[in-house]
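The values are calculated or read from the model by the stated rules, or taken from the named source; none is laboratory data. Just so we're clear, the structure is a prediction, and the values are computed from it rather than from any experiment. Don't worry about glycine lacking a Cβ; one is built from the backbone with ideal geometry, like all the others, and counts go over all protein chains shown. Protein only, heavy atoms only, side chains kept; ligands, DNA and RNA dropped before computing areas. Shrake-Rupley method; radii C 1.70, N 1.55, O 1.52, S 1.80 Å.
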Amino acid sequence: MVSYRGAIKMTSLGERTIRRLVAAGDFPEPVRLTPRRLAFVRSEVAAWIAGRVADARDQAASAGASNPRA
């Protein structure tokens, strides 16, 4: 499990950005540990990061294929 602070460190995103992404369904949902404590499943955050990296690399490869100068 990883806190919001841990998710911020893992992703380099701000808390507001993470909250917006969660609300939009674009980031893993936190799990309520206690009535006042939320945390993320570390493996879900890591998988989200890996997906973002893969998407960025795919876009870069596509841009390079369509632009021979790149």
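Laid out as a table, the results:
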{"item": "Of residues in the stretch 30-66 being modelled with pLDDT under 95 and open to solvent by 70 Å² or more (accessible area, probe 1.4 Å), the one nearest to L13 (Cα to Cα)", "result": "D55"}
{"item": "The stretch 13-36, residues that are within 18 Å of M1 (Cα to Cα), more than 10 Å from the chain's Cα centre (by Cα) and free of Cβ contacts under 8 Å to residues at least 12 places away in the same chain", "result": "E15, R19, E29, R32, T34, P35, R36"}
{"item": "Residues that are in contact with a Gly (Cβ under 9 Å, 6 or more places away or on another chain) and outside any helix (DSSP H, G or I), drawn from the stretch 35-63", "result": "A39, F40"}
{"item": "Residues of the stretch 1-29 satisfying the condition of being open to solvent by less than 30 Å² (accessible area, probe 1.4 Å) and part of a loop (DSSP other than H, G, I, E, B)", "result": "F27, P28"}
